[in-house]
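Inspection log for the structure reproduced underneath, given as structure tokens.
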Amino acid sequence: MKHILISIILVFTLSILKGNASTIELRWKGMNDSTIYLAHYFDTNIYVNDTITLNSRGEGVFKSDSLYDEGLYLIYQSANNYFDFLIGENQNIKIEATYPVSIVEIHIEGAEVSSKFAQYQKLIKEKSEQKRILSETLKSSNSNAEREEVQSTIQSLDEEIKTFMASEIANNANNMYGVFLKAANSIVPPEPDVDKSHPKFDSIAWFQRYNYNRDHYLDGIDFSDERILKTPLLHSKLNTYFNQILIQTPDSIIPQMKNVLHKAEQTPKMYRYVSQFLLNNSTQSKIMGMDAVFVAIADEVYLSGKAFWAEQETLKKIAEEAYLARPNLIGNNAPELVMEDLNGEYKSLHEIQADYTILVFYEYDCGHCKRDIPNLYNDVFLKYIDKNIEVFAVMMNDDKKKWSEFVDEKEITGWYNVWDPDHSTKFRYKYNVKMTPLIYLLDKDKKIVAKKIDRENLIRLIDSLLKE
């Protein structure tokens, strides 16, 4: 495996006491009198278990009175000098390596799981190097015959690796080596069962591949087996599945999220990890509408009493965020706002007769608003002046005179310019207004089509909607 190690977290961790002992004998030629760390993977981080100083012959022993948790470990000297190895149930391990470290030259004996994994690493490296050379030949070749031969050889290598993986997984079903290989193995969708001459072949093939990946991409992960937590594989698989494999809409993600949680629910450590991953992933998403996923994971786990690990302060914050997001999720009916305009007359958001309504919250003294509100008027409102699109502009400051001067100065006419000096409409809660300007797009029935959208993407969205 290839890893880019930016930093190593020097946090010493205790193994789960399982009785017995662990002995890892290391002979690292060329690393005489060096400080060496034994560390393990968890999530995207690396945590140190132990440290030793090799003697003048490059020899040293990591000893533990109890077994280490099974998983992927590494012998680490620096970011440019380390190697991975697997620890299984048998932890009397002998490792020989040479500086500079090379996977091909590492020799492990004493523990079958560790030894098999080392052989697996060597095979993958060798086959990858062969494929690299063949790919270079393919790029430079001008002969069709040679290209066909090279492509055939590459396919043979792929098939060889595939056969090897299947055999090793079948023969090591219950040990850590098999668990690792099964999780690392790639899922290949079957060929589409439709003739390529079909006029809709591409769309049908995409649909079938998508459904297969949706239903089987995580097949290699046993969510009842905690051992996979001590590798970087689970995070990688979940990240790819939820951010690349699935269609990035709440309707696609939420059912699969609940499915994964159900699989992990009987294994506390796994359930905690998956729940935390899904919560963090939903809050970090840059895709509009993913707050619906956040609300779903909050309801499913954190607000239902299942998050046994979460402190009360954390639960309180999650509850508050879900409370603020819930009323203004995309697809919901936009909460009603009845506000006063500059003439003292009350205007209702829901009574606006328009195909689309742009709802914007702003402040006259906000630096971004001073630029973005006039741009919204000129680039969006005037662009669609004949398309039955209205703007309901909520000014959030408390000085009516300055507001009036802002509207006059920026020549914002034709909008529903309104405010709520008494804050009686609770608009900040209803629309989760934490920054300005904040733009929503509503359809003719006042359902929320988009939220927290900038001017450029708003134009693209409206152009697309008007074409439908």
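Throughout, read-outs are computed from the coordinates displayed, never taken from laboratory work. Owing to the predicted nature of the structure, the values given are computational and were not obtained by experimental measurement. Here the Cβ positions follow ideal geometry from the backbone for every residue, glycine too, while neighbour counts run over all protein chains shown.
Okay, here's what the table says:
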{"read-out": "Inter-residue pairs, beta-carbon under 9 Å, first at positive phi and free of Cβ contacts under 8 Å to residues at least 60 places away in the same chain and in segment 400-418, second surrounded by 13 or more Cβ atoms within 10 Å (Cβ to Cβ) and not hydroxyl-bearing (Ser, Thr, Tyr), 6+ apart", "value": "411/374; 414/381; 414/390; 414/391"}
{"read-out": "Of all residues in segment 169-203 being hydrophobic (A, V, I, L, M, F, W, C) and touching an Asp or Glu at 6+ places or on another chain (Cβ under 9 Å), the one that is nearest to residue 87 (Cα to Cα)", "value": "176"}
{"read-out": "Residue among 96, 126, 112 that alone is out of contact with any strand residue (DSSP E or B) (no Cβ under 6 Å at 6 or more places or on another chain) and within 28 Å of residue 20 (Cβ to Cβ)", "value": "112"}
{"read-out": "Residues of segment 43-66 classified as surrounded by fewer than 16 Cβ atoms within 10 Å (Cβ to Cβ) and of a type in the set (A, V, I, L, M), total", "value": "1"}
{"read-out": "Residue under evaluation residue 225, criteria (1) closer than 27 Å to residue 84 by Cα; (2) buried (at least 17 other Cβ atoms within 10 Å of the Cβ), criterion not met", "value": "(2)"}
{"read-out": "Tally, over segment 229-251, of residues that are in contact with a helix residue (DSSP H, G or I) (Cβ under 8 Å, 6 or more places away or on another chain) and surrounded by 16 or more Cβ atoms within 10 Å (Cβ to Cβ)", "value": "12"}
{"read-out": "Filtered residue count, segment 264-298, keeping only those that are in a helix (DSSP H, G or I) and surrounded by 13 or more Cβ atoms within 10 Å (Cβ to Cβ)", "value": "22"}
